[in-house]
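Read through the structure below, which is laid out as structure tokens, and then see the notes.
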Amino acid sequence: MDQYPFRKVEEKWQRYWRRENAFQVREDPDRPKYYCLEMLPYPSGEIHMGHVRNYSIGDTIARMKRMRGFNVLHPIGFDSFGLPAENAALKNNVQPKKWTEENIRRMRRQLQGMGFSYPWNRQIASHLPEYYRWNQWFFLKMYERDLAYRSRRLVNWCPGCLTVLANEQVVDGRCWRCETEIHQRHLEQWFLRITAYAEELLQGLDRLDGWPDRVLAMQRHWIGRSEGATIQFPLVGPGPDLSVFTTRLDTVFGATFLVLAPEHPGLEKILESSEHAARVKKFAERQVGRSLLERTAPDGEKIGIYTGRDAINPFSRQPMPIWVANFVLGEYGTGAIMGVPAHDSRDRLFALKYDLPIRNVVVPVEAERESGSDEAFVEDGRLVDSGRFTGMTSAEARQAMLVEARDGNFGNSTVNYRLNDWGVSRQRYWGTPIPMIHCAPCGIVPVAEADLPVRLPSRIRIDGTGGSPLERSRTFFRVVCPRCGGKANRETDTLDTFFDSSWYFFRYTDPANSNAPFAREKGNYWMPIDLYIGGVEHATMHLIYFRFFTMVLRDLGLIGLSEPAQALLTQGMVVKDGAKMSKSQGNVVSPDRMVEKFGADATRLFCLFAAPPVKDLEWNDQGAEGCFRFLQRLYRLARQVGAGKPAGSASLPASPDRRQLAMRRKTHKTIQRVTVDIEKRLHLNTAISALMELTNALQDFVQEGIKTPGDRAVAREALTHAFLLLSPLAPHLSAEILSEWIGPAKLGVHPWPEADPKLLLEDEASIVIQINGKVRGQVQVPVGAGEEDVYRQAAAEPRIAAHLKGRTINRKVFLQDRLMNIVLGPGGK
């Protein structure tokens, strides 16, 4: 029995694809384009099964689209700046560049060994000067437009990574990478004004029909648009007014205290005339030093301290104590809130703890609320004890109060966003140098575009002691000011690596361009990405950043679109023994081992078959072995049916017998099902199931005997189409058989098969026969048969006839091509 020589076949076709540059593409206005992209990997050293699954999904779609006649761009590159390279340098005493480039070479060999159809001439790596030069160029353009700026702010500090993190990189109060609790520090940092695009980022979500609802909801929540009012509360005594943003202005008569964030910029001024100043400052410093996780935990203790100062409620004219508390954060709203304990659950707990007044000012519209309730009433209702606004509904009161605030110059309507500007400074070496110079007389001076790229020094000492290692490189750090010619210092922070990955998909369209990030005409031809594939964990990081960058590039005149990706697929994780594969769990499966044991095609096939793309995949070696056995069966069937050029459609039987017709119908229904499952539904697992069903049917057909030339032609048709349909999923075996049967494909791509509409129609229908509502049998009749023909054939069936014998038929319920229910009179069984 023939054994499938998978190693020999896979090596053969990988050599062929490399030699023929099979997947290189150019712009072609006469063909429809398709841009299929998986999120680029970090070069950690080896690919893992999560990579294999992700890239197998993308490769299947890309290969199928090529077969469908599309001009397909399906590139790959490496997100090669980042902290792991510095950690490796520290651990292994090797320079980050050397470690990174060795890993890229190793991973590239692995990716080629999986047979992924990448145009390797378009590979990019973000650590190369020819790439990060354009990072620096974008930064300068943003600086010119006031979209990049420097500010001293309270920022997220990761003690584990010894660097600042953007808000999006803090997950549940911890570092997204090392999971260390995040603390707050005041530092001078560079920011990108992403908030300038907040409304467009929000409104654009309505046009992303091809994105998962879950991701859209996560981005809406993160952008966090709130409509409300900003009200000025004057201090009792000297000091500036306090600005408070609220979405519930209707509850302002119930505001009995104000709460400031410990990092509120006006706190020091407020405390100048307070006898409690020393205690409050000590409390605030202690809270600022605590982790975000501790301060924002829903079940965490809410603690505060009275400042010794009061403010005046501008509506009720009543004094209100000003407190500082741990649960208010300076980056949200104005960093100050009004405490309304009768109508906010958190405020109520705080008021009860510190014996602050609770004043009920909103009740349900239909009735007075019980005064003894232990819970805050947080819904809209009808106002009570609210001056001239008493009796109004909450909505009416908000509008009327806003008018009063405007007329009195102490408030106005405000749209607020949860989204904050993106902090992009990182105190690390292995990243893009920020192209700025600090000069004492001149201030901050941009590097001239002609002097880009500002290159990283090639050798540098990394000791893990904190701060940027670039400060210790005199050749990098000490420079001449380009404006005055005096002594100056380079900026030593590097850019957040999410900056690198926010535009890489544009660079793929024109990777060798040395005069621009990419040519506009090439960007406009290929963009937007037709299908983008990556993890849902990027929903509020990369997937917001790359949308923001696309809008900025549009405004710079570099591209003619506003959104980067039409469709997004967020694939599930690969898990083993119920846990995500990781070295710490000890459950990692090496793709190399699976390829050696079962081959690349079988490994790819199991990753696609074991679960729908959006669901987690539970790995087991037996499943991969099962996919290998399936490919082995197909290989043997091909050898059994016979090599050599198969019969074309002209050799197929003109009047097929019942068996041949059933086989042909199964073949063409499979073509239709696989086409829809891959192209429309992205259900690759069910496409593979359909191919397995076709293989079973064909095996039965062959085992019954190939008795005539017509039988052989039908079997060859089925098998040829099976390999064509399998080609995107298991490309090596398919290429081997198809090259023998129908000749080598042009550029490695055979045309996708088309289902014959006539063979999708059934000649016969299976009709369920019921008697008094109980199923008693089935009959086969021609499609479209009428009620009397169906009844006549049913009555001829012995089992059904026994139930009808001697009985009166009251009526028949008939659903053509589906069901007949025969209703008998009294005495019927």
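The values are calculated or read from the model by the stated rules, or taken from the named source; none is laboratory data. Please read all numbers here as calculations on a predicted model, not as lab measurements. Note that we place each Cβ from the backbone using ideal geometry, even for glycine, and neighbour counts take in every protein chain shown. Only protein heavy atoms, including side chains, enter the accessible area calculation; ligands, DNA and RNA are left aside. Shrake-Rupley method; radii C 1.70, N 1.55, O 1.52, S 1.80 Å.
Averaged per residue, what accessible area in Å² does the chain show with a 1.4 Å probe, protein chains only?
Details: 36140 Å² over 829 residues.
I get 44 Å² per residue for this part.
So what are the three principal axis dimensions of the stretch 6-162 from its Cα atoms, in whole Å, longest to shortest?
Answer, in whole Å and largest first: 57, 42, 25 Å.
Going by Cα centres, the stretch 379-413 and the stretch 316-334 are how many Å apart?
Between the Cα centres of the stretch 379-413 and the stretch 316-334 lies a distance of 20 Å.
Subtract the Cα-Cα distance of R388 and E375 from 0.36 nm times their separation in residues, and report this length gain in nm to one decimal. Present the calculation step by step, with values, prior to reporting the outcome.
On the way: separation 13, 0.36 × 13 = 4.68 nm, distance 2.63 nm.
Taking R388 through E375 to full extension adds about 2.1 nm, to one decimal.
Local charge sum around A148 (other residues, Cβ-Cβ under 9 Å, Lys/Arg +1, Asp/Glu -1)? Please list the in-between numbers first.
On the way: positive: K141, R145, R150, R193; negative: E144, D146.
Summing Lys/Arg as +1 and Asp/Glu as -1 gives +2.
Nearest 0.05, what FRET efficiency do E11 and S651 give at R0 = 45 Å with Cβ-Cβ as r?
Working: r = 34 Å, r/R0 = 0.77.
Efficiency for this residue pair is about 0.85.
Cα centroids of the stretch 517-533 and the stretch 148-174: how far apart, whole angstrom?
If we compute the Cα centre of each part, the gap is 32 Å.
Restricting to Cα atoms and excluding each atom paired with itself, what does the Kirkwood estimate give for the stretch 30-121 in Å? Don't jump to the answer; show the numbers that get you there.
On the way: mean 1/r = 0.0694 Å⁻¹.
One decimal place: 14.4 Å for the Kirkwood radius.
Check Q770: other-chain or 5+ apart residues with amide H under 5 Å from its amide H, H built from backbone geometry?
It is R776, M820, N821, I822, by chain and number.
Ordered by residue, what ³J(HN,Hα) values in Hz, to whole numbers, does the stretch 532-544 give under the Karplus form 6.51 cos²θ - 1.76 cosθ + 1.60, where θ = phi - 60° and Gly and Pro are x?
Along the stretch 532-544, the couplings run 10, 10, x, x, 5, 5, 8, 4, 10, 10, 3, 6, 8 Hz.
Using a 10 Å cut-off on Cβ atoms, rank the peptides 177-190, 594-607 from the highest mean neighbour count down.
Working: 177-190: 17.1, 594-607: 24.9.
Per-residue Cβ counts within 10 Å, averaged per peptide and sorted highest first, yield 594-607, 177-190.
Determine the alpha carbon to alpha carbon distance for each of K576/K666; K12/K707; K615/K666 and list only those over 32 Å. Mind showing how you got there, number by number?
Working: K576/K666 36 Å; K12/K707 35 Å; K615/K666 29 Å.
Listed pairs above 32 Å: K576/K666; K12/K707.
For K774, go through the lysines and keep the ones whose alpha-carbon is under 17 Å away, minus same-chain ones fewer than eight residues off.
Cα-Cα hits under 17 Å: K805, K812, K829.
Apply the Karplus curve 6.51 cos²θ - 1.76 cosθ + 1.60, θ = phi - 60°, to the phi angles in the stretch 571-576 and return the couplings in whole Hz, x for Gly and Pro.
Per-residue couplings from phi come out as 6, x, 7, 9, 10, 9 Hz.
Taking just the alpha carbons, could you work out the radius of gyration and Dmax for the stretch 672-814, both in angstroms?
So, for the stretch 672-814, Rg and Dmax equal 22.0, 72 Å respectively.
In nm, to one decimal, how far is the C442 label point from the S766 one, both placed 7 Å along Cα→Cβ?
8.3 nm
How much accessible surface does T230 have with a 1.4 Å probe, in Å² rounded to 10?
It works out to around 30 Å².
What figure, in Å² to the nearest 10, do you get for the accessible area of L267 with a 1.4 Å probe and non-protein molecules left out?
10 Å²
Please sort 520-530, 481-491 by packing, taking for each peptide the average over its residues of neighbouring beta carbons within 10 angstrom, highest first.
On the way: 520-530: 19.2, 481-491: 15.3.
Peptide ranking by packing, descending: 520-530, 481-491.
Probe radius 1.4 Å, ligands and nucleic acids left out: which of I800, I809, I303 has the largest accessible area, and how do the rest follow? Walk me through the numbers before you get to the answer.
Numbers: I800 5, I809 60, I303 35 Å².
Of I800, I809, I303, the descending order of accessible area is I809, I303, I800.
What spacing in nm lies between the two simple spin-label points modelled at T180 and K91, each 7 Å away from Cα in the Cβ direction?
Label-label distance for T180 and K91, simple model: 1.5 nm.
Return one number: the angle in degrees, 0 to 90 and rounded to the nearest 10, between the long axis of the Cα atoms of helix 277-288 and the longest principal axis of the Cα atoms of the chain.
So the helix axis and the longest Cα principal axis differ by about 20 degrees.
When every alpha-carbon pair in the stretch 473-611 is counted, what percent end up more than 23 Å apart?
60 percent
Using packing as a proxy for protection, rank 71-80, 532-541 so that the peptide with the highest average count of other Cβ atoms within 10 Å comes first.
Details: 71-80: 23.4, 532-541: 19.5.
The densest-packed peptide leads the list: 71-80, 532-541.
Jot down the per residue volume, in cubic angstrom and as a whole number, of the convex hull over the alpha-carbon atoms of the stretch 326-483.
Expressed per residue, the convex hull around the Cα atoms of the stretch 326-483 is 242 Å³.
Check which residues have an amide H placed less than 5 Å from V362's amide H, if you skip close sequence neighbours.
Long-range HN contacts for V362: V384.
Just how far, in whole angstrom, is the stretch 476-494 from the stretch 548-610 if you go by their alpha carbon centroids?
41 Å
If the viscosity is 1.002 mPa s and the temperature 20 °C, what Stokes-Einstein diffusion coefficient in µm²/s follows for the chain when Rh is the Kirkwood radius over Cα pairs? Please list the in-between numbers first.
On the way: Rh = 32.0 Å.
Value of D from the Cα-based Kirkwood radius: 67 µm²/s.
Angle between the Cα long axis of helix 709-726 and the longest principal axis of the chain, 0 to 90 degrees, nearest 10?
10 degrees
Can you sort D592, D250 by solvent-accessible area, 1.4 Å probe, largest first?
Values: D592 75, D250 0 Å².
The ranking, largest first, comes out as D592, D250.
Where the only charges are on Cβ atoms (+1 Lys, Arg; -1 Asp, Glu), what is the dipole of the stretch 412-501 about its Cα centre, to the nearest 20 debye? The partial results should precede the final answer.
Values: 12 positive and 9 negative charges, 83 e Å.
Here the stretch 412-501 has a charge dipole of around 400 debye.
For the stretch 1-73, what is the relative contact order in percent, using Cα pairs closer than 8 Å and at least 6 residues apart in sequence? Present the calculation step by step, with values, prior to reporting the outcome.
Numbers: 39 pairs, mean separation 30.1, N = 73.
That works out to 41 percent.
Of D59, D577, which has the most accessible area with a 1.4 Å probe, and how do the rest follow in descending order? List each step's numbers first, then the result.
On the way: D59 0, D577 120 Å².
Of D59, D577, the descending order of accessible area is D577, D59.
With every protein chain in place, what's the accessible area of M107 (1.4 Å probe, Å², nearest 10)?
For M107, solvent-accessible area is about 0 Å².
Given points 7 Å out from each Cα along the Cα-Cβ axis, report the E46 to E404 separation in nanometres with one decimal.
Once both label points are built, they end up 7.1 nm from each other.
Once R0 is set to 45 Å, what does the formula 1/(1 + (r/R0)^6) return for the Cβ-Cβ distance between V823 and H221, expressed as a FRET efficiency to the nearest 0.05? Before the final figure, lay out the partial values.
On the way: r = 57 Å, r/R0 = 1.26.
With a Förster radius of 45 Å, E is 0.20.
Of M692, S291, T251, whose Cα points farthest to the positive end of the dipole of the chain (charges on the beta-carbon: +1 Lys, Arg; -1 Asp, Glu; origin at the Cα centre)?
Ranked along the dipole, the leading option is M692.
How many times 2.2 N^0.38 Å is the alpha carbon radius of gyration of the stretch 105-242? Each step should come with its number before you reach the end.
Details: Rg = 21.3 Å, N = 138, 2.2 N^0.38 = 14.3 Å.
Cα Rg divided by the expected 2.2 N^0.38 Å: 1.49.
Pairing the Cα long axis of helix 6-19 with the longest principal axis of the chain, what angle in degrees results, from 0 to 90 and rounded to the nearest 10?
Once rounded, the angle reads 60 degrees.
In whole Hz, with x marking every Gly and Pro, tabulate ³J(HN,Hα) for the stretch 74-90 from phi via Karplus 6.51 cos²θ - 1.76 cosθ + 1.60, θ = phi - 60°.
Here the 3J(HN,Hα) series is 9, x, 9, x, 9, 7, 9, 8, x, 4, x, 5, 5, 4, 5, 4, 5 Hz.
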